[in-house]
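Student: Would you mind keeping the following structure in view while I ask a few things?
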Amino acid sequence: MRWEDWLVLIITLAGIIAYGIYRSASTRNLEGYFLSNREMPWYLVLLSVMGTQASAITFLSAPGQAYTDGMRFVQYYLGLPMAMIVISMGFLPIFHKLRLFTAYEFLEQRFDHKTRLFISFIFLLSRGLSTGISVYAPSIILSSLLGWNIYWTIVVMGGLLIIYTVSGGARAVAYTQQLQLIIVLGGMLVSGYTVVHMLPEGVGFRDALEISGSLGKMNVITSGFTEKGFDWTDRYNIFSGIIGGFFLALSYFGTDQSQVGRYLTASSIRESRMGLLMNGIVKIPMQFLILLIGVLVLAFYQFNPSPLFFNKAPIEKLRSSAYADSLRTLESKHEEVIGEKRHLVAALPGVLRSAETGMKDSLLGQLSALHEKENGMRREIRKMILANGARSEDNDTNYIFLRFVVDYLPVGLVGLLIAVIFLAAWGSIAAALNSLASSTMIDFHKRFSAAVRNDENDYRLSKLYTLGWGVFCIIVAQFATGMGSLIEAVNVLGSWFYGVMLGVFLVAFYLKHIRGNAVFWAAILGEVLVISMYWFTSVGWLWLNAVGAIAVVLLATILQFFFKESKT
Amino acid sequence: MENPEKPPLFATWKGWYLLVLAILLAEIVFFYLITKAFQ
């Protein structure tokens, strides 16, 4: 990275930290620290909800996901708008009426303390672990780019964002998220425009989509059906997206304190609703555009030599291993393919817009065959990396976009795009730390502490809990190196727990006759079922959210017949 | 369970819910057309 890029990066990050500290002034009590005194307008709620969901993982992995697997990942978000409606109709009125700090307080009022503690414990566990992965995501950028030690990079990175999160609470989180999201989306738009601008003369935006389409990557809507019927192991299709995605979004936005804590900062239920419904409107187009950058990068690499593997580190290890000769052979074969491609695409700009469709189809068909050859080589090199013992480094999805940025984008823009990744990470991590601290303070500390506490003490303790969770997430990040595609790792982890959490809340809202013992044991059994299904079957993880929620509702209904208890 | 506060633009929140659903439907149709056009 050149000094101009460093300057852009440092100024952007320092600016955000300074802005976070400047916005830190909040009332020194729990309502001020965790809920920003419930005074936020809807557009800040919207940006905060979006900034919390879209982490660095979103911006690192999504273009890579589109590059390798196509646009179909966008279907994962199709259930989200319906979830926003259900939360606006059913969840919000109760949360606002009870003036809750955390969603889990409601479970004690409705059921009993053990159900509240179990669900808030699940939240702390899953959110703590996934936030650790979110700390790790931007850290691989620095270590990969600059050869910095990954462990120290994580420590430094996590430490910077903790500064304003601890000092400013929910207010600093919301205001910095607003600025972060504007810079992030601006940066991604500029990078998308630059990719198209860098295509050869005569090749435009539509042509790039046509090229990526011929390589099978414009598969935005897929049915999941094969000749043998519906494929339940297929991860992303319109059915798993709408049904599985709906349950996932409902549980994430309706029961995960990192999101509930964002819209509880709104000044009224009207502002919360507007924030959530606008999220339902803008989220899918935003995700679509981020994925589109991935297929544009793929089109770009048809005219420019692409690396055989986008993460350099495991390749360097192979060079000094017993696989060095096999690697050299593979690389020379790849060079031959690149040569063939160069020859082929030279004729492409002339024929892409011609009326001669036969010639165009023939060229695109040959290009597709060469792309398949390259994919075969990529599979071979992954096998080599695995055989060489680098089990965690055989997936380069997260490196694709980043490698493109560093290798091809102009000076200044590289620094901005690196800053974008950091800011996206900070936005979501800051909200997570704030919510982890609020659940620890409200659901555990205040629930069990017999001592009479004043506002000042609660405020100081809340800051300490925020700091503690920051340190915890940094420690988890140190062990996150073996997780493959990070966006999937986070979502898989969520799917283990979210369905069950949602099931408990659905019972609480809609099955009034079911009481604490039945729902508690239903939640335990539901969790066992979901995790067993993940390990012992090949059912796509998006379905686990639906399975968990439905299992808890059914089991609680059945178990209620066996528990004769007084109304709680 | 309806919010007594009046929503912007529409008389009730149902207007907003229908708008969100209509946009979702339009997006699915748009994505389907893109898939057809470029596959």
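The values are calculated or read from the model by the stated rules, or taken from the named source; none is laboratory data. Just so it is clear, the model here is predicted, and its values are computed rather than measured. Don't worry about glycine lacking a Cβ; one is built from the backbone with ideal geometry, like all the others, and counts go over all protein chains shown.
Student: Does the stretch A:200-209 contain at least one residue that is at pLDDT 85 or above, in contact with a helix residue (DSSP H, G or I) (Cβ under 6 Å, 6 or more places away or on another chain), within 14 Å of another protein chain (Cβ to nearest Cβ) and surrounded by 22 or more Cβ atoms within 10 Å (Cβ to Cβ)?
Tutor: Yes, the stretch A:200-209 has at least one match.
Student: Looking at the stretch A:547-558, is at least one residue within 15 Å of A:Arg110 (Cα to Cα) and buried (at least 18 other Cβ atoms within 10 Å of the Cβ)? If you could, list the steps in order and put the result at the bottom.
Tutor: To start, the set of residues in the stretch A:547-558 that are within 15 Å of A:Arg110 (Cα to Cα) comprises A:556.
Applying the additional criterion that residues be buried (at least 18 other Cβ atoms within 10 Å of the Cβ) yields A:556.
Yes, there is a match, as at least one residue in the stretch A:547-558 is within 15 Å of A:Arg110 (Cα to Cα) and buried (at least 18 other Cβ atoms within 10 Å of the Cβ).
Student: Kindly provide the set of residues from the stretch A:463-502 that are hydroxyl-bearing (Ser, Thr, Tyr) and modelled with pLDDT of 90 or more, ordered by number.
Tutor: Initial filter on the stretch A:463-502 (hydroxyl-bearing (Ser, Thr, Tyr)): A:465-466, A:481, A:485, A:495, A:498.
Residues satisfying the conditions are A:Tyr465, A:Thr466.
Student: Take the stretch A:175-208 and flag every residue that is within 27 Å of the chain's Cα centre (by Cα) and small (Gly, Ala, Ser).
Tutor: Of everything in the stretch A:175-208, those that are within 27 Å of the chain's Cα centre (by Cα) and small (Gly, Ala, Ser) turn out to be A:Gly186, A:Gly187, A:Ser191, A:Gly192, A:Ala208.
Student: OK, next. Take the residues in the stretch A:18-37 that are surrounded by fewer than 18 Cβ atoms within 10 Å (Cβ to Cβ) and of a type in the set (A, V, I, L, M); name whichever of them is farthest from the chain's Cα centre (by Cα).
Tutor: Step by step, filter the stretch A:18-37, then rank; the result is A:Ala25.
Student: Looking only at residues in the stretch A:275-300 that are over 18 Å from A:Gly186 (Cβ atoms) and at the interface with chain B (Cβ under 10 Å from one of its Cβ atoms), which one is surrounded by the fewest Cβ atoms within 10 Å (Cβ to Cβ)?
Tutor: So the residue we want is A:Ile281.
Student: Being in contact (Cβ under 8 Å) with a residue 12 or more places away in the chain and either buried (at least 22 other Cβ atoms within 10 Å of the Cβ) or touching a Phe, Trp or Tyr at 6+ places or on another chain (Cβ under 8 Å) (or both): is that true of A:Ala347 here?
Tutor: Numbers: in contact (Cβ under 8 Å) with a residue 12 or more places away in the chain: yes; either buried (at least 22 other Cβ atoms within 10 Å of the Cβ) or touching a Phe, Trp or Tyr at 6+ places or on another chain (Cβ under 8 Å) (or both): no.
Spelling it out, it is not the case that A:Ala347 is in contact (Cβ under 8 Å) with a residue 12 or more places away in the chain and either buried (at least 22 other Cβ atoms within 10 Å of the Cβ) or touching a Phe, Trp or Tyr at 6+ places or on another chain (Cβ under 8 Å) (or both).
Student: Can you find even one residue in the stretch A:317-330 that is under 35 Å from the mean Cα position of the chain (by Cα) and within 30 Å of B:Glu27 (Cα to Cα)?
Tutor: No - not one qualifying residue is present in the stretch A:317-330.
Student: I need every pair where a residue in the stretch B:11-39 that is more than 9 Å from every other protein chain (Cβ to nearest Cβ) and within 18 Å of A:Ile284 (Cβ to Cβ) has its Cβ under 7 Å from the Cβ of a residue that is assigned to a helix (DSSP H, G or I) and small (Gly, Ala, Ser), sequence separation at least 6 or different chains.
Tutor: Within 7 Å, no pair qualifies.
Student: When you scan the stretch A:440-453, do you find a residue that is crowded, with 24+ Cβ neighbours inside 10 Å and over 27 Å from A:Thr68 (Cα atoms), even just one? Quick ask: steps written out before the conclusion?
Tutor: Taking the stretch A:440-453 as the starting set, the residues that turn out to be crowded, with 24+ Cβ neighbours inside 10 Å are A:441, A:443.
With over 27 Å from A:Thr68 (Cα atoms) added as a condition, the list becomes A:441, A:443.
Taking every residue of the stretch A:440-453 in turn, at least one turns out to be crowded, with 24+ Cβ neighbours inside 10 Å and over 27 Å from A:Thr68 (Cα atoms).
Student: Find all pairs meeting these conditions: Cβ atoms under 6 angstrom apart; at least six residues apart or on different chains; first residue within the stretch A:229-247 and in contact (Cβ under 8 Å) with a residue 40 or more places away in the chain and surrounded by 19 or more Cβ atoms within 10 Å (Cβ to Cβ); second residue assigned to a strand (DSSP E or B) and not small (Gly, Ala, Ser).
Tutor: none
Student: Any idea how many residues of the stretch A:77-105 are more than 11 Å from every other protein chain (Cβ to nearest Cβ) and either crowded, with 24+ Cβ neighbours inside 10 Å or of a type in the set (S, T, N, Q) (or both)?
Tutor: In the first step, residues of the stretch A:77-105 are kept if they are more than 11 Å from every other protein chain (Cβ to nearest Cβ); the result is A:87, A:95, A:98-105.
Still in the list and also either crowded, with 24+ Cβ neighbours inside 10 Å or of a type in the set (S, T, N, Q) (or both): A:87, A:102-104.
Selection size over the stretch A:77-105: 4.
Student: Now a separate question. Just to confirm my filter: which helices (runs of 4 or more DSSP H) fall fully inside the stretch A:204-285 and include at least 1 residues that are within 30 Å of A:Leu370 (Cβ to Cβ)? Before the answer, list the steps.
Tutor: On the way: elements: A:205-214, A:245-255, A:257-263.
Counting at least 1 such residues, we get A:205-214.
Student: Can you tell me which condition A:Ile221 does not meet? The list is (1) away from every other protein chain (no Cβ under 14 Å); (2) modelled with pLDDT under 90; (3) surrounded by 15 or more Cβ atoms within 10 Å (Cβ to Cβ), and all the others hold.
Tutor: With respect to (1) away from every other protein chain (no Cβ under 14 Å); (2) modelled with pLDDT under 90; (3) surrounded by 15 or more Cβ atoms within 10 Å (Cβ to Cβ), A:Ile221 is out only on (1).
Student: Hey, among A:Met84, A:Met50, A:Met89, which residue is free of Cβ contacts under 8 Å to residues at least 24 places away in the same chain and either of a type outside the set (S, T, N, Q) or not in a helix (DSSP H, G or I) (or both)?
Tutor: Working: A:Met84 fails: free of Cβ contacts under 8 Å to residues at least 24 places away in the same chain; A:Met50 fails: free of Cβ contacts under 8 Å to residues at least 24 places away in the same chain.
Selected residue: A:Met89, the only one of A:Met84, A:Met50, A:Met89 that is free of Cβ contacts under 8 Å to residues at least 24 places away in the same chain and either of a type outside the set (S, T, N, Q) or not in a helix (DSSP H, G or I) (or both).
Student: Does A:Gly376 satisfy the criteria of being loosely packed, with under 14 Cβ neighbours inside 10 Å, in contact (Cβ under 8 Å) with a residue 60 or more places away in the chain, under 22 Å from A:Glu340 (Cβ atoms) and not hydrophobic (A, V, I, L, M, F, W, C)? Please lay out each step first, then the result.
Tutor: Values: loosely packed, with under 14 Cβ neighbours inside 10 Å: yes; in contact (Cβ under 8 Å) with a residue 60 or more places away in the chain: no; under 22 Å from A:Glu340 (Cβ atoms): yes; not hydrophobic (A, V, I, L, M, F, W, C): yes.
No; evaluated as a whole, the condition is false for this residue.
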